[in-house]
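What follows is a set of notes on a single structure, which appears directly below.
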Amino acid sequence: MKLRVGVIGAGMAFERLHYPAYQEMTDKFSIVAICDQSREKASFWAGRLGIDNGGVYTDYREMCRRGDIDCFDIMVPINKNFSVTEDVARTAKKPIICEKPLAPTREQAILHRDLPKKYGIPILIAENFRYNEEIDKIRDMVRTKKVGDIVYFIQNRVYNFPVDMQKNSFARVEWRQHPDYPGGTILDTTVHDMAALRHILGPVDRLQAFGVPQDDDFSPYAVVNVNMQFVSGVNGSFSFYCAGVEMQRPLIGLRMFGTRGMIYLEERDCGTINVAYNDGGYERIPYRPQRGFYNELLNFYNAAIGREQLSVTPEMEFGDAMTVFAILDSIKEKRIVGVDGPGDYQTVYRDAGEHGGLHDENRSFIQ
């Protein structure tokens, strides 16, 4: 069974992230319509995908009225994530894939969280870090106490946005250089890191953050430093430097310290998780980098045919976004900020590596 997909937004996210994953899954998905504000861009992709002119749109609302589309994949600027998703949910009432973060503001995030119940449709948020092999493997190591009980962690992320603005990269996009949503690249980028940490360690109790202000539009702070306390009792520090370079190797990366050893991931593309034990033992555990884009589509397809649950729903992604909003609030208000309340977060485990867990009694949401 193939799902017929309507793509909304034919920009860089489609070209570099979703399209390569779709190419691996031609037995599961068929893109039958494509929409972009630029007809030239939509027509280019239509030609490449073998879609006739009737499948080319500049207004996604027109596409939503088609009856031969099974689901929609939405890749629009962050400030439009909620509004476009709600329009599609209300008009088409078909399953949706939406990019992260789920909304540009706290208020819209709350509304987006409730869309599946409001319209009775499944929505997957394409938070690829929650689907990446390395994050799933580290989560399993923590859950099975591979290095004992995790006591604390440190994570450092460095991203040279000013330099990337001059390259053919995501930072070159105008709406990212001059964002009209809180935090700019802090929201856009660190929501991935918060998703990964929460995927591994669970809900966040509270945090305290500090920022180094800057005048650049792309971010109100050059650096944010965050102390985090998880409900599990694990605490640690996260730092994000969006205007510089980490020159020394190995990078600080993500380091989790347990009672019997340490888990170390230098960066997401390195392909190896390092595990060092207190007794002198050592392991190098390989993984395939950047498989999140494939795994999220596979999860969506498996959910569509009733084989498993959706892993990353708006409710799940809501907590990731709220953690970033809490960081911004803490810096601005100079106080410790609570994040997850009782019952706000439900853990969903799946097998590490290629997606394929979460088998249950779900029915297909594609009839």
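The numbers here are math on the coordinates, done by the rules we state, and not lab data. Everything quoted here is computed from the prediction, not taken from an experiment. Here Cβ is always computed from backbone atoms with ideal geometry, including for glycine, and neighbour counts include all displayed protein chains.
In this structure, the pairs whose alpha-carbon distance is over 23 Å, taken from 28/167; 2/118; 167/332; 28/93; 28/94, are 28/167; 2/118; 167/332. Ranked by how many other Cβ atoms sit within 10 Å of their own Cβ, fewest first, the residues 273, 154 fall in the order 154, 273. Highest GNM mean-square fluctuation among 296, 107, 86, for the chain modelled with Cα contacts below 10 Å: 107.
Separation of the range 245-274 from the range 202-243 is 18 Å, based on Cα centroids. Inter-label distance, residue 2 to residue 172: 3.2 nm, where each label sits 7 Å from its Cα along the C-beta direction. The range 168-195 and the range 17-96 have their alpha-carbon centroids 23 Å apart.
Which value in deg cm²/dmol, rounded to the nearest 500, describes the helix-derived mean residue ellipticity at 222 nm for the chain, given -39,500 (n - 2.57) per DSSP H run of n ≥ 4 and division by the residue count?
It comes out at -9000 deg cm²/dmol, rounded to the nearest 500.
With respect to the chain, whose longest principal axis is taken over its alpha-carbon atoms, helix 314-333 is tilted by about 50°.
Mind pulling the angle between the C-alpha long axis of helix 185-201 and the longest principal axis of the chain? Nearest 10 degrees, somewhere in 0 to 90. Long axis of 185-201 versus the principal axis of the chain: about 70 degrees.
Among 49, 207, 197, the residue with the largest mean-square fluctuation in a Gaussian network model of the chain, with springs joining Cα atoms closer than 10 Å, is 49. Against the main long axis of the alpha-carbon atoms of the chain, helix 81-92 sits at an angle near 40°.
Counting neighbouring beta carbons within 10 Å and listing from fewest to most, the residues 32, 245 come out as 245, 32.
Across 253, 47, 338, mean-square fluctuation computed from a Gaussian network of the chain (C-alpha pairs under 10 Å connected) peaks at 47. When a/c is below 1.5 the answer is rounded, else prolate if a/b is larger than b/c, else oblate, so apply that to the chain with a ≥ b ≥ c taken from the square roots of the Cα gyration tensor eigenvalues. Prolate.
Here the peptides 138-150, 122-134 are ranked by packing, the mean other Cβ count within 10 Å, and the order with the highest first is 122-134, 138-150.
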